[in-house]
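What follows is a single structure, written as structure tokens, with notes after it.
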Amino acid sequence: MRGRRWVMALTGAYAVLWFGGVLAHLVWRKTPEGAGWTAPAFLGCAAALVFIAEAGARRWLAGVGIAGLLVELLGATTGLPFGRYSYTDVLQPQLAGVPAAMFCAWVILIAYVKALLAPLGWRRWRGVAIGAAWMTAIDLAIDPVATQALDFWRWHAPGAYYAIPLSNFAGWFLVSALLLASGWRVPSGAAATLRIGRSVVLFFGFLAAAHGLIGPSAVAFTLTALDLFVRRAVQPAPGRRAEAGVG
């Protein structure tokens, strides 16, 4: 019972932060003064719900988050593998200049993409390649919002895609592939993980639209539509489910 109350409380907090964030940017095109804590809280609630849902994958997901933080530290320090960038002071707290919320971001997105692809039954490397491509597509939606609208980090040299260097997306593909490959056989794929991941992608899609970032917004909504199409395709029809339940 206590566990269910925690889930309900986290879900409620996440929903309030989700709608509040979207509304603030649709109306004022910015996060209200003094509300900088909401972004880390939003990602923290989402990651906590994923950890609760993925009981059999918690150790692996914790490793994903730690690895993500280390890669972000490497990237902010050396420019590898994404390109030269620096975090601003917007996301707090930070560990050696890297926001702790990045732990949550990597956990949420990797868990989401793995859960989305798991029912397809693809062999490991085909699934890893498609998953890494999907992660990269998600970054096409998120990165312009995070840099231009939210000012979470800044690129030292402007690139070809909304001032983001293409090396960033190559790095995302590589890191995502390694993380997905490391846990391909780990049991995961809860429905709650899918809902959380999908809602995060939609969140950035709405923020992109609010700031006139049409390309990233279109990517986010297209990915959501593809997500729902994939889920519908892998679920048996009601008649088949009934037949499967007989005998």
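The values are calculated or read from the model by the stated rules, or taken from the named source; none is laboratory data. What you see is a predicted model; the values in this text were computed from it and never measured. As a convention, Cβ positions derive from the backbone with ideal geometry for all residues, glycine included, and neighbour counts pool all protein chains shown. In case anyone asks, the SASA skips ligands and DNA or RNA and just uses the protein heavy atoms, side chains included. Shrake-Rupley method; radii C 1.70, N 1.55, O 1.52, S 1.80 Å.
Give the number of residues within region 17-40 that are buried (at least 16 other Cβ atoms within 10 Å of the Cβ) and more than 14 Å from the chain's Cα centre (by Cα).
Total satisfying the criteria: 7.
Inspect all residues belonging to region 143-157 and state whether any of them is of a type in the set (S, T, N, Q), buried (at least 21 other Cβ atoms within 10 Å of the Cβ) and under 22 Å from PRO40 (Cα atoms).
So far as region 143-157 goes, no, none of its residues is of a type in the set (S, T, N, Q), buried (at least 21 other Cβ atoms within 10 Å of the Cβ) and under 22 Å from PRO40 (Cα atoms).
Within region 94-111, identify whether any single residue is farther than 19 Å from ALA146 by Cβ, open to solvent by 50 Å² or more (accessible area, probe 1.4 Å) and not small (Gly, Ala, Ser), and answer yes or no.
No: region 94-111 contains no residue that is farther than 19 Å from ALA146 by Cβ, open to solvent by 50 Å² or more (accessible area, probe 1.4 Å) and not small (Gly, Ala, Ser).
Quick check: anything in region 121-135 modelled with pLDDT of 95 or more, within 21 Å of LEU43 (Cβ to Cβ) and open to solvent by 20 Å² or more (accessible area, probe 1.4 Å)?
yes
Confirm whether ALA118 is within 20 Å of GLU54 (Cα to Cα) and either touching a residue at least 60 places away in the same chain (Cβ under 8 Å) or over 17 Å from the mean Cα position of the chain (by Cα) (or both).
Here the answer is yes, as ALA118 does meet what is asked.
Residue under question is LEU207, and the condition is that it be aliphatic (A, V, I, L, M), at pLDDT 95 or above and surrounded by fewer than 20 Cβ atoms within 10 Å (Cβ to Cβ); does it hold?
No.
Read through the list (1) free of Cβ contacts under 8 Å to residues at least 24 places away in the same chain; (2) open to solvent by less than 10 Å² (accessible area, probe 1.4 Å), then give the number of the only condition that LEU180 fails.
Single failed check for LEU180: (1).
What do you reckon, is LEU74 more than 20 Å from TRP153 (Cα to Cα) and open to solvent by 20 Å² or more (accessible area, probe 1.4 Å)?
Criteria not met by LEU74.
Can you name the residue in region 125-159 that is assigned to a loop (DSSP other than H, G, I, E, B) and in contact (Cβ under 8 Å) with a residue 40 or more places away in the chain and is also nearest to PRO99 (Cα to Cα) among such residues?
Looking at residues that are assigned to a loop (DSSP other than H, G, I, E, B) and in contact (Cβ under 8 Å) with a residue 40 or more places away in the chain, I get PHE152.
Spot the failing condition for ILE52; the list is (1) more than 21 Å from LEU150 (Cβ to Cβ); (2) free of Cβ contacts under 8 Å to residues at least 40 places away in the same chain; (3) surrounded by 13 or more Cβ atoms within 10 Å (Cβ to Cβ), and only one is missed.
So ILE52 meets the others, but not (2).
Counting only residues that are open to solvent by less than 40 Å² (accessible area, probe 1.4 Å) and either aliphatic (A, V, I, L, M) or at pLDDT below 95 (or both), how many does region 1-12 have?
Residues meeting the conditions: 1.
If ARG154 meets every condition in (1) at pLDDT 95 or above; (2) farther than 24 Å from GLY65 by Cβ apart from one, which number is that one?
(2)
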